[in-house]
Amino acid sequence: MSRPRTPLLTVDCVVFNPRGQVLLIERRNPPFRGQLALPGGFVDVGETVEDACRRELLEETGVKAGRLTLVGVYSDPERDPRGHTASVVFMTRVRSSKVQAGDDAAAAQWIGDWRTLPLAFDHVKILADATRMASCC
């Protein structure tokens with residue numbers, strides 16, 4: 001039996017520090033090269049989405065995730081110009097503010113007010129959802 005053609009599975013990680021800043025990367029590669037984005041990437045075969053989230057965060061920023069909280073699943077077929085992806089998004093809080101860009105990230109930085117920035121993909125919507133969740137709980 002042939003495999004069905006389905007969206008690619010990705011993860012994104014919303015990371016807040018004690019000052020309420022969010023961790024964003026500058027994308028090294030297309031699409032959206034040079035733009036700010038959440039740390040994240042593709043889930044490897046045999047990997048859970050939670051493990052993929054922790055791996056991508058560590059590879060791109062040098063930050064180890066704390067407890068992960070599910071923000072949601074974002075699956076708009078137009079969210080990624082490379083093709084249809086579905087992203088499972090988690091949120092975490094960390095104490096340490098030290099970051100070091102690596103892997104697909106050209107830079108990594110803590111941002112206080114992201115609302116006016118042009119973020120990659122659908123990350124403005126994701127951050128708005130995560131911020132509402134974080135403020136209520």
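Read-outs throughout are calculated quantities, based only on the coordinates presented, and are distinct from any laboratory measurement. Remember, predicted model here, so these are calculated numbers, not experimental data. We place every Cβ from the backbone using ideal geometry, glycine too, and count neighbours over all the protein chains shown.
Tilt of helix 49-61 relative to the longest C-alpha principal axis of the chain, in degrees (0 to 90, nearest 10)?
Once rounded, the angle reads 50 degrees.
At a threshold of 8 angstrom on Cα-Cα distance, excluding pairs fewer than six apart, so keeping six or more, what relative contact order does the chain reach in percent?
Taking the mean separation of contacting Cα pairs over the length of the chain, I get 32 percent.
Would you list the P(r) distribution for the range 8-137, with all Cα-Cα distances sorted into 10 Å bins from 0 and each bin expressed as a whole %?
Result returned by the calculation: 14, 50, 34, 3.
Can you tell which of Gly41, Gly72, Gly83 shows the greatest fluctuation in a Gaussian network model of the chain with Cα springs below 10 Å?
Of Gly41, Gly72, Gly83, the most mobile in the Gaussian network model is Gly83.
Please list, in chain and number order, the residues 5+ apart from Asp80 or on another chain whose amide H is under 5 Å from its amide H, with Hs placed from the backbone.
For Asp80, whose amide H was placed from the backbone, the distant partners under 5 Å are Thr85.
Return the sequence-ordered ³J(HN,Hα) values of the range 118-132 in whole Hz as given by the Karplus equation 6.51 cos²θ - 1.76 cosθ + 1.60 applied to θ = phi - 60°, using x for Gly and Pro.
Whole-Hz 3J(HN,Hα) from phi for the range 118-132: x, 8, 6, 6, 10, 6, 5, 5, 4, 5, 5, 5, 5, 5, 4.
How large is the charge dipole for the chain, taken about the Cα centre, if only the Cβ atoms of Lys, Arg (+1) and Asp, Glu (-1) carry charge, to the nearest 20 debye?
On the way: 18 positive and 17 negative charges, 66 e Å.
Dipole about the Cα centre, nearest 20: 320 debye.
Return, for the Cα atoms of the range 1-55, the radius of gyration and Dmax in Å, separated by a comma.
14.3, 52
Hand me the GluC sites (Glu not before Pro) from the range 3-89 located in a DSSP loop with no more than 12 other Cβ atoms within 10 Å, in residue order please.
Glu78
Pop the C-beta distance of Gln35 and Trp110 into the FRET formula with R0 = 22 Å and round what comes out to the nearest 0.05.
Rounded to the nearest 0.05, the efficiency is 0.85.
Would you grab the residues whose amide H sits under 5 Å from the one on Val43? Only those 5+ places off in sequence or on another chain, please, with H modelled 1.01 Å from N.
Leu9, Thr10, Val11
Can you tell me which of Leu70, Leu36, Leu24 moves the most in a GNM of the chain? Springs connect C-alpha atoms under 10 Å apart.
For the chain, modelled as a Gaussian network with Cα springs under 10 Å, the answer is Leu70.
How much length, in nm to one decimal, is gained on full extension between Leu70 and Val45, taken as 0.36 nm per residue of separation minus their Cα-Cα distance?
Working: separation 25, 0.36 × 25 = 9.00 nm, distance 2.05 nm.
Value of the extension gain: 7.0 nm.
May I ask for the distance between the Cα centers of the range 90-135 and the range 14-48, given as a whole number of Å?
If we compute the Cα centre of each part, the gap is 7 Å.
Taking H as built 1.01 Å from N, whose amide H comes closer than 5 Å to the amide H of Gly62, not counting residues under 5 places away?
Gln100
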